[in-house]
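A short worksheet on the structure shown next.
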Amino acid sequence: MRNTAKSATEVVDYVTDVLMRDLVGHDRRPASFLAYLWLAAEQQRRAAPVSVSYQELAESIGISKSSAQSAVGWLVQRKLLRVSKESVTATPVYTVRTPWRT
């Protein structure tokens with residue numbers, strides 16, 4: 001139980017102290033930060049990768065669909081998110097990555 005609490009604290013500390021400043025301040029991509037935060041929380045709640053459309057993601061964090069697409073693309077480029085699909089038209093499955101843990 002302690003390791004889980006410590007692990008969650010490390011993630012929160014990193015996300016608020018480093019990632020927020022990096023994505024919002026340096027990269028000027030606040031939508032990417034919101035997408036990462038929502039997907040990380042959703043992945044933790046489900047205890048599994050998150051299957052969600054761009055439209056559902058956009059509605060969940062209060063941005064446009066095109067902003068959600070751009071945010072996901074940036075997170076994939078930064079290697080903070082992995083996306084998989086069973087087919088070209090399938091709903092994407094997002095796996096939040098935490099590269100600072102390795």
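The values are calculated or read from the model by the stated rules, or taken from the named source; none is laboratory data. Since the structure is predicted, the reported quantities are computational estimates derived from the model, not experimental observations. Methodologically, a virtual Cβ is constructed for each residue, glycine included, from the backbone with ideal geometry; neighbour enumeration extends over all protein chains shown. Calculation scope for accessible area: heavy atoms of the full protein, side chains included, ligands and nucleic acids excluded. Shrake-Rupley method; radii C 1.70, N 1.55, O 1.52, S 1.80 Å.
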What about Glu42, is it open to solvent by less than 40 Å² (accessible area, probe 1.4 Å), of a type outside the set (A, V, I, L, M) and closer than 24 Å to Arg28 by Cα? yes
Over region 39-59, the set of residues assigned to a helix (DSSP H, G or I), out of contact with any strand residue (DSSP E or B) (no Cβ under 8 Å at 6 or more places or on another chain) and either farther than 21 Å from Thr89 by Cβ or among the acidic types (Asp, Glu) (or both) is Ala41, Gln44, Arg45, Arg46, Glu56, Glu59
Considering only residues that are among the basic types (Lys, Arg) and farther than 18 Å from Pro30 by Cα, look in region 46-96 and name the one that is nearest to the chain's Cα centre (by Cα). Arg82
For region 64-96, name all the residues that are under 13 Å from Phe33 (Cα atoms) and crowded, with 18+ Cβ neighbours inside 10 Å. Ser67, Ala68, Ala71, Val72, Trp74, Leu75, Leu80, Leu81, Val96
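Every residue in region 49-81 that is among the aromatic types (Phe, Trp, Tyr) and modelled with pLDDT of 95 or more, please.
So the first thing to find is which residues in region 49-81 are among the aromatic types (Phe, Trp, Tyr), and the list is 54, 74.
Within region 49-81, Tyr54 is the sole residue that qualifies.
Table: residues versus (1) modelled with pLDDT of 95 or more; (2) part of a helix (DSSP H, G or I).
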| residue | (1), (2) |
| --- | --- |
| Arg21 | no, yes |
| Gly25 | no, yes |
| Leu37 | no, yes |
| Val83 | yes, no |
| Ser87 | no, no |
